[in-house]
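Note sheet for the following structure.
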Amino acid sequence: KDAYSEDVRLAKRILNLGYKLVHNPECNWYHNLGEDTANVIHKNFNIGRMHSSERTFNITNLIKVIYFSLIFLIILASFFNYLFLLLLLVHAFPMFVNGLIIFSKVRTNKLRFNAFYSPLVTYLINFPYAIGFYLGLIVPYKK
């Protein structure tokens, strides 16, 4: 039921066996899921449906869904006044700031500029999640 959280379950199992987890800041971490854009969008759409159907969401998830749903209203409002398109920049600003934070923490120059993909990746994950969340409230998700 917990999509994309197998690493958390593994960590809990390790701790329950009496071992300790150690973070080494010198390590480089590469996370390659081998997924293409369409696959990421589809999976996050289904995760949103699953969370709303099974009522496994909390206030943080609800705020995230509302926040990423605002883009619909911004685009709709821009049909009446093109100045609303400026809100798209404001809407993406928190993700851009997150990219700057990641950029400042990355010590490897080779990968450092990948941090600026943060807004794009955030939208690719959360926008379909929000749509799936609303659909899951209407049509429950079945595995």
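Round to a whole number: what % of the accessible area of the chain belongs to carbon and sulfur, probe 1.4 Å?
After summing per-atom areas, the C and S share lands at 67 percent.
Could you let me know the centre-to-centre spacing of the range 44-59 and the range 77-118, using Cα atoms, in angstrom?
Each part reduced to its Cα centre gives a spacing of 25 Å.
Using the structure shown, list the pairs from Lys105/Lys142; Lys43/Lys105; Lys20/Lys142 with a Cα-Cα distance above 32 Å, or answer none.
Over 32 Å Cα-Cα: Lys105/Lys142; Lys20/Lys142.
Any idea what the relative contact order of the chain is, in percent, if you count C-alpha pairs under 8 Å spaced at least 6 apart?
Details: 115 pairs, mean separation 57.8, N = 143.
Dividing the mean separation by the residue count of the chain yields 40 percent.
Say R0 is 22 Å: what FRET efficiency, to the nearest 0.05, do Phe72 and Leu120 get from their beta-carbon distance?
0.75
Under a point spin-label approximation (7 Å from Cα along Cα-to-Cβ), what is the His23-His42 distance to one decimal in nm?
Output for this residue pair reads 3.5 nm.
For a quick check, take a GNM of the chain with Cα springs below 10 Å and name the residue from Leu76, Leu85, Leu17 with the largest mean-square fluctuation.
Leu17
Under a point spin-label approximation (7 Å from Cα along Cα-to-Cβ), what is the Phe79-Arg107 distance to one decimal in nm?
5.2
The values are calculated or read from the model by the stated rules, or taken from the named source; none is laboratory data. Only a predicted model underlies this, so the values are computations on that prediction, with no experimental measurement involved. Cβ: placed from backbone, ideal geometry, glycine included. Neighbour counts: every protein chain shown. All accessible areas refer to the heavy atoms of the entire protein, side chains included, with ligands and DNA or RNA removed. Shrake-Rupley method; radii C 1.70, N 1.55, O 1.52, S 1.80 Å.
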